[in-house]
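All remarks here apply to the structure that follows.
The values are calculated or read from the model by the stated rules, or taken from the named source; none is laboratory data. In this text, all values refer to a predicted model and were calculated from it rather than measured experimentally. Because the Cβ atoms are built from the backbone with ideal geometry, glycine has one as well, and the counts that use them run over all protein chains shown. The protein model used for the area step is the full one, side chains on, heavy atoms only, and it has no ligands, DNA or RNA in it. Shrake-Rupley method; radii C 1.70, N 1.55, O 1.52, S 1.80 Å.
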Amino acid sequence: MSKPYLRPYQKPQKLSDYPLGTASEAGYLVTKNCGWRNERPIIMDECINCLQCYLYCPDGVIFKTKSGLDIDYDFCKGCGICEKICPKQAIKMEVE
Amino acid sequence: MTKAFLSGNEAFAEGVRLARPQVISIYPITPQTTVVERLSEMVENSSLKSELIHVESEHSALSCAIGASAMGARTFTATSSQGLLYMAECLHYASGGRFPIVMMNANRSTALPWNIYGDQRDSLSQLDCGWIQVYVEDAQESLDMALQGYHIAESPLVSTPVMVNLDGFVLTHTYETVEIPNQTDADRFLPPFQTKNKMSLDNPKNLAFSVGPDNNMEFKYLQHKAMLDSKRIIEETDKKFAEIFGRGYGGLTQGYRLEDADYILITLGSITGLCREVVDELRQNGEMVGLLKIRFLRPFPDEDLAAALGSVKAIGVLEKDISFGYEGTVYTNVNSVIAKNGLRLETYNFIAGLGGRDISRENIRAMFRHLQTGGQHVNFIGLGVSIDE
Ligand code: SF4
Ligand code: SF4
């Protein structure tokens, strides 16, 4: 599944640059949402690829790669659910 | 043009028919029900070609109208009292999404105690939801404002929903002779709705995106600006209406015998007719009294009020509303115009007609006496018991 990605975005300079309504192409992301995170999850070598963290992440920011898993830190809020759910303690939370 | 003997609700339904909305979402509530009953009959007998959607609540009725409007359809819905309050969340979605929906609201008291009769506390409690609010006086104005409502709402400069308020029962259910324009003239007045703010199968979109603190305030400023710009569009719409149909309402406010008036009563909605008669009676006795009907409460007619009240001694604001713990909301709004313009006059508030209490001719005479003698600022009119406990 392809996930939405961050697009380049120019902040409007004039009022007339703003759209009239609030409808747009689906999944059109122009801003990150991770400013409130104070700990970031790190996936370590103990990972057995059971995908529990992938399933439980409330923001859907853990994604599959060819070799295993990775985390989209632009949208990870640092809740630590992935750390709690991991059966192998393969995720550690690191202070930002 | 034909003439018919219609209730306020029935007249409004005729206005909606002439506006040819493509989608009508309905959920009945007293005293609004007969307007949607009439519309469903019109759809049934094919005098109105529209998608009539019977929904399960007022929240759904307005949500449905928002969805239809987002596809570029002209849409209509109607409500009253608790129904309007149940829609409260969607009211902001409609105005923020800039969907030019027209909605009729039958002004009715709010619970508790439960009551189905008229007062204006339902719509006045929703003054800040970003809708244009107009209050009509009689059945003819009801029909006419259904048509004018779309003309104002759909103006590209405005793109803001319009709520047309009819006093419950005293206007929604009383009968008058009403002129029904013909469809050709109505079409000449109100061309089909066109907008760029819409989705289509070729151009699918997500509805209602999020905007964070870095841009959100600009969207709110734009809503405010559109509402201010709508003042001009409201005046122009009324002029165009008068050119085609031979009657107009004067835009944001309508004055009566304001010339040389020292004491002015400010009114809203259907009580205006009786107040006008009392003004005539008092003028015959040589009293310098006049009347100013506020038609639009949002946008607020501050320039009109400042101009009309420049050389007046005292004004009274008569409203079927109380903001508990302070005063009537219309009174607060009027006083802010007076303060901003440095006008020197006394102002009084007459809270009347709550829960459908009658406002009598003698009550109105007493209000004018109060303006002349002075006294308490905020007054409850027609309380059945003494409050000097
Ligand atoms: S910390 Fe929370 S948001 Fe971030 S990856 Fe883990 S579960 Fe997802
Ligand atoms: S839950 Fe732990 S072991 Fe399972 S995939 Fe996630 S990090 Fe790897």
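Details
- Rounded to the nearest 500, the helix-only mean residue ellipticity at 222 nm of chain B stands at -12000 deg cm²/dmol, with each DSSP H run of n ≥ 4 adding -39,500 (n - 2.57).
- The mean number of Cβ atoms from other chains found within 10 Å of a Cβ in peptide A:11-21 is 5, as a whole number.
- Rounded to the nearest 5, the antiparallel percentage of DSSP beta bridges internal to chain B is 25%.
- In sequence order, calculated HN-Hα J values of the stretch B:113-125 (Karplus, 6.51, -1.76, 1.60; Hz; x Gly/Pro): x, 4, 6, 9, 8, x, 7, 9, 6, 5, 6, 5, 6
- The charge dipole of the stretch B:253-380, taken about its Cα centre with unit charges on the Cβ of Lys, Arg, Asp and Glu (plus for the first two, minus for the last two), comes to roughly 140 debye.
- Accessible area of residue B:348 (1.4 Å probe, protein heavy atoms only, ligands and nucleic acids ignored): about 10 Å².
- Carbon + sulfur, % of accessible area of the stretch A:33-95 - ligands and nucleic acids excluded, 1.4 Å: 49
- Carbon and sulfur %, accessible surface of the stretch B:130-207 computed with the full protein complex present, 1.4 Å: 54
- Rounded to the nearest 10 degrees, the inclination of helix B:329-340 to the longest alpha-carbon principal axis of chain B is 70 degrees.
- Phi to ³J(HN,Hα) by Karplus 6.51 cos²θ - 1.76 cosθ + 1.60 over the stretch A:67-81, Hz, x for Gly, Pro: 9, x, 10, 9, 10, 8, 6, 5, 10, 6, 9, x, 6, x, 4
- In the context of the full set of protein chains, residues of the stretch A:33-95 present 65 Å² of accessible surface per residue (probe radius 1.4 Å, heavy atoms only).
- Using a probe of 1.4 angstrom and keeping all protein chains present, the accessible surface of the stretch B:253-380 works out to 41 square angstrom per residue.
- Largest-first ordering by accessible area, 1.4 Å probe, given options B:346, B:154: B:346, B:154
- Between 0 and 90°, nearest 10: helix B:33-44 axis offset from chain B longest Cα axis: 30
- Crossing angle, helix B:361-373 versus chain B [Cα axis fit, 0-90 degrees, rounded to tens]: 60
- Charged side chains reduced to their Cβ positions (Lys and Arg at +1, Asp and Glu at -1) give the stretch A:33-95 a dipole of some 120 debye around its Cα centre.
- Simple spin-label estimate for residue B:339 and residue B:239 gives 3.4 nm between the two label positions (7 Å along the Cα-to-Cβ direction from each Cα).
- Computed over protein heavy atoms with a 1.4 Å probe, the carbon and sulfur contribution to the accessible area of the stretch B:253-380 reaches 45%.
- Interface of A with B. Using a 1.4 Å probe and counting protein heavy atoms only, the two chains hide about 1400 Å² of accessible surface, both sides summed.
- At least 20 Å² of accessible area lost relative to the chain alone, listed for the stretch B:212-232 with a 1.4 Å probe: B:214, B:215, B:218, B:219, B:221, B:222
- Remark: for residue pairs B:3/B:231; A:3/A:66; A:64/B:198, the C-alpha separation exceeds 26 Å in B:3/B:231; A:64/B:198.
- Whole-number percent relative contact order across chain B, with pairs defined as alpha carbons under 8 Å at least 6 apart: 17
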